[in-house]
């Protein structure tokens, strides 16, 4: 069986290839992979072949970055240009801090105002930062920017901090009671939760009424999507300021026009419109017929209309 196996092996192509390699002393081309060279195919554009960077082109260890150079120039010489470049470089930090604070503030506080307040904190941080400190400037500046924004908001707030603390305590007690009772708590229940008298809680509510401010033109999203707070506060019984001013101006112009009429025409206008006399009664007062009074009335009204139109156009 072994001899039969050797005869079968000798007749295979693999065995024939092995005998040729043994006779030639080398392997034929294609059997042993050759090492690839760095020759670039002429058909491939040179721009598509990535160039290898030499050690001379790599950044040297410990090289000074542009920001470090700006810090060094500013702290050494107080260069104004370097200071401005540092402010521009770290400006996104202010927007980030202002955005995080703005999420917890009312909608009446503008994001742009927070960024403006924070820029003062950034400038102060750049001027006071010391290069020898172990803390990163970003961490140091973030705290200064946040503090500057909070300080400015507190300076603009007319509500005392004690009232703000009471507002937070009332909201917290109200929320806890609502979660336990599964309904809106009453005022005595809120007072008991806070450990105060009901009268003191009422006083606190009156103080808290001044803590929230909303713009009258702020949209509330009504049925048409354009209702504002001012629309909900309108009083139909209140006097229209614009109409009142217009009526006063018309009355003034009319009185001036009446003064420019002659005596008989002025008498007709006063008796007819202010004393509610009839044309017959005015005729008896003036000693003329009713038709004559009508003619004088028509002439007086035409003169008044002309003078009022001229006053409005002038």
What FRET efficiency do you get for residue 198 and residue 110 if R0 is 30 Å and r is their Cβ-Cβ distance, rounded to the nearest 0.05?
0.20
Given labels modelled 7 Å from the Cα in the Cβ direction, how far is it in nm from residue 290 to residue 266?
2.8
Which value in nm describes the separation of the simple spin-label points at residue 239 and residue 96, placed 7 Å from the Cα toward the beta carbon?
5.9
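Which of the peptides 235-247, 124-136 is most tightly packed, and how do the rest follow, judged by the mean count of other Cβ atoms within 10 Å per residue? Numbers along the way, then the final one.
Working: 235-247: 8.1, 124-136: 11.8.
With the highest mean Cβ count within 10 Å placed first, the list reads 124-136, 235-247.
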Work out the FRET efficiency for residue 206 and residue 151 from their Cβ-Cβ distance, taking R0 = 41 Å, and round it to the nearest 0.05.
0.90
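Computed from the coordinates by the stated procedures, all read-outs in this text should not be read as laboratory data. As the structure is a prediction and not an experimental result, all values here were calculated from the model. In this analysis, Cβ positions are derived from the backbone assuming ideal geometry, glycine residues included, and neighbour counts consider all displayed protein chains.
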